[in-house]
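Here is the structure we will look at.
The values are calculated or read from the model by the stated rules, or taken from the named source; none is laboratory data. From a predicted model like this one, the values you see are computed outputs, not experimental measurements. Here the Cβ positions follow ideal geometry from the backbone for every residue, glycine too, while neighbour counts run over all protein chains shown. Keep in mind that these areas ignore ligands, DNA and RNA; they rest on the heavy atoms of the full protein, side chains included. Shrake-Rupley method; radii C 1.70, N 1.55, O 1.52, S 1.80 Å.
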Amino acid sequence: MNDMARLQKQRLALYGWMLAAPALALMSLFAFYPAIATFWHSLFTRGTTRRPSVFAGFENYQDLFADPTFATVVWNNLIYAGVTIPVSIIFALIMALWANAHIPARSFVRSAYFTPTILPMIAAANLWLFFYTPDLGVIDQITGFFGASPTNWLGQPDTALASVIVVTIWKEAGFFMIFYLAALQTIPPDLREAARIEGAGRWTYTRRVLLPLLMPTTIFVFVNAMINSVKLIDHLFILTKGGPNNASKLILYWIWEMAFAYFDSPHAAAMTILVLLALGLVAVAQFRLVEKRTHYR
Amino acid sequence: MNTAFASHHAKRALPDFDKVLDALGAWVLAIVWISPLLFATWAALQPSGTALGLDFSNPLTFENFTYVWNAVPWIGYFTNTVILVTLILAGQLVLCTLAGFAFARFEFRGRDTIFILVLLQLFILPEVLIVENYAIVSKLGLFDTALGIGLPYMASAFGIFLLRQAFKSVPVELEEAARIEGCSWMGVLWKVYVPAAKPVYLAYALVSIATHWNNFLWPLIVTNSPDTRPLTVGLSLFGAPETGVDISVISAATIMTIAPLLIAFLIFQRQFIQAFLRAGIR
């Protein structure tokens, strides 16, 4: 009897393995193996037909740290993350509050906010070209109306990164709105009534009741926004190509450029490893946070 | 009592000042938010060369659309995208269903550790691993094929996670009933779990379609012919500013690229938003 049960258990375990195997195999092939292979290749020099690649230790990493482009690109990405994350979260929250309020034409408002989410980043960049074109673009036509001189938004170092950031926020905010919207719909309306009876104004209610209740959503959105600040670079291909003079170059674009425009994959691999380390830190932090929350429950 | 009633009544008759402000703010933001789309649509309908003048007196024309249609193998790109998206979705549904079922209902050694590894893949983005994945796809002989673009996305950690959660919430009694009736494990999966997770499947499918319809960087890297290139890559080659193409022509191309998904979104708006909601709550 005991043996039968054990046999049954073993059979089930085998079955479970077999079911998971195809997905795990593919995942190993395209996520785990390449992550390790990237690290391995980042330790070798770039091979040419004349000189085969040799082991170089951490030289590629040292080269990166010595390259002034590295500092520029990392700094750009920090600004990119530092601006897009909080601003799109704030926009998302405001949008959700409005899209949840009883206002006329609410479904129009909701779709208007959400529409950028379903557009390809490449298409979004094309749409915004129309705004940024110097002199003739929509922005310059408007500022020109007030007597300002035309600005080459995408072509000058001071404004290129900001222009890219605006497009990202435009694309992201509506997506994050959805999660806030979902969370808002689970908050009982009695709460607002109770707060009002207690004499809490709208601002107090938002700050003291709503925001704390929305905290789990904010964490979720925050983690997504962090990942996006690494991932969302498609529009650079259309808008600035990282220029002028690296002013709007972001890490992933730089990796692409090193690997596929300059064919320097060892340095691209080293940069990839640094990004993976940063993402790993985010992952660990999130798992910690989630764990804390479940303990609390 | 009387005054209270009166003030309540007055509130009804006169819309709240706050509410008017809310509505105004919401509308202004909504119009600002879709204005890039509106301007591009308008630009696409202008004779090329004049679009940026913001001159509303010009007659509307479809010549940009016909120009783009003839200049680019659009039908080909469109077909490539549809094939790609279908292929990825099919692969994801099969692989994630099986793996999600394994993680939800089977006990095997190392299951929890492996599941954490799967979750970790949410952070190891395929986009970041482009250098090595390009080498792998080339070695497999899949460079410039739909399978080469799609394969890295098929074992989706997100899909596995989502379906595992859905399967876990199915009451075990349902499964036991089916087993008493003589269903095999595959039968149980197909007759009990899959139907129960239908809304999750719908949500996941919509998110997957939207994601891969829009994906750009990876397809750019692993394609180099019009026979496999998806719409986004085609659009980027066509619309790059240095090609000197007129902005109204670029707008027309952009509108043509986004139209299918946009129209689908406008028709199935509610389902779409619901789907994204469901997929996002984890």
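Things to note:
- Accessible surface for chain B, divided over its residues, is 47 Å² per residue with a 1.4 Å probe.
- Remark on residue A:44: its backbone amide H falls under 5 Å from those of A:56, a criterion applied only to residues 5 or more positions apart or on other chains, H modelled at 1.01 Å from N.
- For chain A, diffusion coefficient by Stokes-Einstein and Kirkwood Rh (Cα), 4 °C, 1.567 mPa s, µm²/s: 56 µm²/s
- Note on segment B:74-280: with neighbouring protein chains present and a 1.4 Å probe, carbon and sulfur make up 66 percent of its accessible heavy-atom surface.
- In terms of its C-alpha gyration tensor, the protein assembly as shown has an oblate overall shape, because the principal axis ratio a/c (a ≥ b ≥ c, square roots of the eigenvalues) is not below 1.5 and a/b does not outweigh b/c.
- Listed peptides B:250-263, A:164-177, B:22-35 by packing density, highest first (mean Cβ within 10 Å): A:164-177, B:250-263, B:22-35
- Cut-off 14 Å between beta-carbons: net charge of the residues surrounding residue A:35, Lys and Arg +1, Asp and Glu -1: -2
- Peptide A:92-100 has a mean of 2 when you count, residue by residue, the C-beta atoms of other protein chains within 10 Å of its C-beta.
- Relative compactness, chain B, computed as alpha-carbon Rg over 2.2 N^0.38 Å: 1.35
- Inter-chain neighbour count for B:132-141: the average number of beta-carbon atoms from partner chains within 10 Å of each residue's beta-carbon is 4.
- Rounded to whole Hz, the Karplus (6.51, -1.76, 1.60) HN-Hα couplings of segment A:45-57, x for glycine and proline: 7, 6, x, 10, 5, 7, 10, x, 6, 10, 5, 10, x
- Using θ = phi - 60° and Karplus 6.51 cos²θ - 1.76 cosθ + 1.60, couplings along segment A:112-124 (whole Hz; Gly, Pro as x): 4, 5, 7, 3, x, 4, 8, 8, x, 4, 4, 5, 4
- For the pair A and B, total buried accessible area rounded to nearest 100 Å², probe 1.4 Å: 8100 Å²
- With θ taken as phi - 60° and the Karplus curve 6.51 cos²θ - 1.76 cosθ + 1.60 applied, the whole-hertz 3J(HN,Hα) list for segment A:181-191 is 4, 4, 5, 4, 6, 8, 8, x, x, 4, 4 Hz, x standing for glycine and proline.
- Of the solvent-accessible surface of segment A:71-296, computed with a 1.4 Å probe and all protein chains present, 66% belongs to carbon and sulfur.
- For the protein assembly as shown: lysine pairs under 14 Å (alpha-carbon distance), excluding those fewer than 8 apart on one chain: 5
- Debye, to nearest 20: dipole size of the protein assembly as shown, +1 on Lys, Arg Cβ, -1 on Asp, Glu Cβ: 1840 debye
- Only DSSP H runs of four or more residues enter the estimate; each adds -39500 (n - 2.57), and after division by the residues of the protein assembly as shown the mean residue ellipticity at 222 nm equals -22500 deg cm²/dmol.
- For peptide B:23-32, the mean count of partner chain Cβ atoms within 10 Å of a residue's Cβ comes to 6.
- Residue A:195 sits among other residues whose Cβ lies under 13 Å from its own Cβ, and their net charge, with Lys and Arg +1 and Asp and Glu -1, is +2.
- Dipole of segment A:177-263, positive end: most advanced residue of A:252, A:191, A:221 [Cβ charges, Cα centre]: A:191
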